[in-house]
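Take a look at the structure below.
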Amino acid sequence: MGTAVQVRGLVKRYGAQVVLDGVDLEVAGGSVCALLGPNGAGKTTTVRVLTTLVRPDGGRVEVAGVDVAAHPREVRRRIGLVGQQPAVDDVLGARENLVLFARLHHLGRRAARRRADELLELVGLGDTGGKPARQFSGGMRRRLDIAAGLVLAPQVLFLDEPTTGLDPAGRRDVWDAVLGLVRGGTTVLLTTQYLDEAEQLADDVCVLDGGRVVARGTPRELTAAVGGDRLELVVDDPARAAEAADLAERVAGASPGAPPPGRGTRVTVAVARRPGVVGDVVRALDDAGIAVDDVLLRPATLDEAYLRITGRDEQRTEVPA
């Protein structure tokens, strides 16, 4: 479906502070791209540049095929933005809110009502009646926010931390709404602090740190780059946990560049998956007289990849961006 977002060498400064330092980003049409990174990494600033709220100081940025610096008004016709703060009116019902947004976008009365009804069905709020938004759950309010960002049927929708503060049910509601939009052809770029959210939703992940892209790829590519699988052991005797970790690492063979094995009653060792690896470790532990209550071989998670890529686990893995 072509490229929906293309960023080359994006620079943004506030005084002497360089917030974005040569960011490159490409998002395919009809896909979900997640921007990850610690606080202050530049995620929100990137979104603000892409949505024409802030002018870049360098580089070239195109959204939906339009240069954001040269033609910001045309870009705004093609995008939707859902910020971190709720935009809906608590007193109005869902349909009234959407009619209001549609009228603000210069739709006629009949067209505004028709569009509101379409959006309510799209985000699963068609049965809310006239109930005021203040009575909605967190997930329902956030879905209404997303619907408001879709009034003009944008080609690209930007979601800035869309599920912050929601309970698990509310987050699932928002995920379902986002996936429904993508099935309909909308391109979504979201920032998030939740790694499981990126794993659930994103086709591609871009990790920012210090205003630069430090890793980019699919969730599977990023996890593969930080050491493959993990062998988890629950050791009966905490005093022998370190010994169990060292033995499991020697028998299984630690993945190249993997972090040191975890310590404590629950031990995690990075391993290269191969047939019989779990049996080999269990037999070695048994021969050494180390009792183990549980053994689990699992893939590395995006959380682990993120911590390694950003150096938050006291090491840093270089992943091609």
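Structure data summary
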{"quantity": "For the stretch 98-151, size of Cβ-based charge dipole, Lys and Arg +1, Asp and Glu -1, in debye", "calculated": "220"}
{"quantity": "Sequence of T310, T187, T265 once ranked by neighbouring C-beta atoms within 10 Å, starting from the fewest", "calculated": "T265, T310, T187"}
{"quantity": "Gain upon complete extension [Q135, V182; 0.36 nm per residue less C-alpha separation]", "calculated": "14.1 nm"}
{"quantity": "Amide hydrogen neighbours beyond the local backbone of D236, cut-off 5 Å, H modeled", "calculated": "A291, V292, D293"}
{"quantity": "Farthest positive-ward along the chain dipole, Cα basis, beta-carbon charges - from L36, A241, L122", "calculated": "L122"}
{"quantity": "Alpha-carbon spread of the chain, three principal axes, descending order, Å", "calculated": "78, 46, 35"}
{"quantity": "Long-range amide H partners of R230 with built H, under 5 Å", "calculated": "V271, R298, A300"}
{"quantity": "Kirkwood hydrodynamic radius over Cα pairs of the stretch 1-148, then Stokes diffusion coefficient at 4 °C and 1.567 mPa s, in µm²/s", "calculated": "76"}
{"quantity": "Estimated dipole of the stretch 1-72 in Debye, rounded to 20 [Cβ of Lys and Arg +1, of Asp and Glu -1, Cα centre]", "calculated": "200"}
{"quantity": "Amide H within-cut-off set for D57, under 5 Å, with H built and near neighbours excluded", "calculated": "V11, K12, R13"}
{"quantity": "Relative contact order computed over the chain (Cα-Cα under 8 Å; 6+ residues apart), in percent", "calculated": "18"}
{"quantity": "Computed label-point distance, nm, for sites V282 and N39 using a 7 Å Cα→Cβ extension", "calculated": "4.4"}
{"quantity": "Calculated FRET efficiency for the pair A169/R113, C-beta based, R₀ 45 Å, to 0.05", "calculated": "0.90"}
{"quantity": "Electrostatic dipole magnitude of the chain [Cβ: Lys, Arg +1; Asp, Glu -1; Cα centre; debye, to 20]", "calculated": "1840"}
{"quantity": "FRET E, pair D89, T301, Förster distance 51 Å, beta-carbon r, rounded to 0.05", "calculated": "0.85"}
{"quantity": "³J(HN,Hα), Karplus 6.51/-1.76/1.60, whole Hz, each residue of the stretch 280-291, x for Gly, Pro", "calculated": "4, 5, 4, 5, 5, 5, 5, 4, 7, x, 9, 7"}
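Coordinate-derived values only; no laboratory data. Keep in mind the model is a prediction, meaning the values are calculated, not measured. Cβ sites come from the backbone with ideal geometry, for glycine too, and all protein chains shown count toward neighbours.
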